[in-house]
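Asker: Before I ask anything, here is the structure I am working with.
The values are calculated or read from the model by the stated rules, or taken from the named source; none is laboratory data. The structure presented is a predicted model; accordingly, all values stated were derived computationally and were not measured. Counting neighbours? That spans all protein chains shown, and the Cβs are built from the backbone with ideal geometry, glycine included. Note: areas computed on protein heavy atoms with side chains; ligands, DNA, RNA excluded. Shrake-Rupley method; radii C 1.70, N 1.55, O 1.52, S 1.80 Å.
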Amino acid sequence: MANKLNELSSINIMLTNVGLAPVTSIESSNPMVGTAQSILKEVSHSVQSEGWSFNTEDGYPFSPDNGFIAIPSNVLQFDVQQYDVRDVILRGGKLYDKRAHDFVKEPIELNVIWCFDYDDLPEVFKQYIVIRAANLFASRAVGSPESAKYSEKEEGLARANVLEYETQQGDYNMLGTSDNKKINTFLPFNAIYR
């Protein structure tokens, strides 16, 4: 069975990419390990923020708790459903409606992009993230643009694999929707609505 990437193995890839020795634990006293871990988390967050089929849910229900809807810390982005007229934002960790000038106090369904732990990501995303993070680590922590330039082709191939995975998992079609989504076509009565 193939070994899957985890946080420690990814940090070791980043370290060895610039000629440093791998470590046996993330809790190492080596300051480069902390820097590598920080960059790995930054890149993971950045990639997941794009919104992919594995971390995007439409119509996710949120209910009030103690009179307000608290948004979990692992929510990267959210928006209301297409025909919902509310304009919601995050304010003080709670859902706030800018149009009503008040916090949302009733159940609501939101389109959500979640942030998952690195070890819970699909393998193809971990491969892309570690290559991208290794390039950033090489240029930031070590100041080696040659090493980062060398890996640009690898990063491009990894990004292509991510896009291939996304097209397979997303069930996209030529209309830009998945099979289970409603297609919103042109409705003439909307054009003449007064």
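Asker: Compare Tyr172, Tyr60 by solvent-accessible area with a 1.4 Å probe and give them largest first, with all protein chains kept in place.
Answerer: Highest to lowest solvent-accessible surface, that is Tyr172, Tyr60.
Asker: Once label points are set 7 Å from the Cα along Cα→Cβ at both Glu27 and Glu42, what is their separation, rounded to one decimal in nm?
Answerer: The modelled label-to-label distance comes out at 2.6 nm.
Asker: Ignoring ligands, DNA and RNA, how do Glu57, Glu155 rank by accessible area with a 1.4 Å probe, largest first?
Answerer: Glu57, Glu155
Asker: Could you put Arg140, Arg91 in order of accessible surface area, largest first, with the 1.4 Å probe and the full protein assembly present?
Answerer: Per-residue accessible area, sorted high to low, gives Arg140, Arg91.
Asker: Hey, another quick one. Along the range 158-163, what does the Karplus equation 6.51 cos²θ - 1.76 cosθ + 1.60 (θ = phi - 60°) give for ³J(HN,Hα), rounded to whole Hz, x for Gly and Pro?
Answerer: 5, 5, 4, 5, 4, 5
Asker: Give me the accessible area of Trp52, 1.4 Å probe, in Å² rounded to the nearest 10.
Answerer: Near enough 20 Å² of accessible area.
Asker: If you don't mind, another one. Rounded to the nearest 0.05, what FRET efficiency is calculated for Glu57 and Ala100 with R0 set to 22 Å and r the Cβ-Cβ distance?
Answerer: Working: r = 24 Å, r/R0 = 1.11.
It comes to 0.35.
Asker: Okay, moving on. Can you pull the one-decimal nm distance between simple spin-label points at Tyr172 and Ile89, each 7 Å off the Cα toward Cβ?
Answerer: Once both label points are built, they end up 3.1 nm from each other.
Asker: Provide the packing ranking of 119-132, 76-89, i.e. peptides ordered by the mean count of other C-beta atoms within 10 Å per residue, highest first. Could the numbers behind the result be given before it?
Answerer: On the way: 119-132: 19.5, 76-89: 13.6.
In descending order of packing, they fall as 119-132, 76-89.
Asker: Still on this structure, I have one more. Please compute the length gained on full extension between Ser139 and Glu123, using 0.36 nm multiplied by the number of residues separating them and subtracting their Cα-Cα distance.
Answerer: Fully extending the segment from Ser139 to Glu123 adds 3.3 nm.
Asker: Order the peptides 29-42, 95-108 from the highest to the lowest mean number of other Cβ atoms within 10 Å of their residues.
Answerer: Ranked from most to least packed, the peptides come out as 29-42, 95-108.
Asker: Would you mind computing, in nm to one decimal, how far apart the modelled labels at Ala160 and Lys4 are, each placed 7 Å from Cα along Cα→Cβ?
Answerer: Rounded to a tenth, the inter-label distance reads 2.6 nm.
Asker: Among Leu95, Gly19, Gln81, flag the residue with its Cα farthest along the positive direction of the charge dipole of the range 1-142, charges on Cβ as +1 for Lys/Arg and -1 for Asp/Glu.
Answerer: The residue sitting most towards the positive pole is Gly19.
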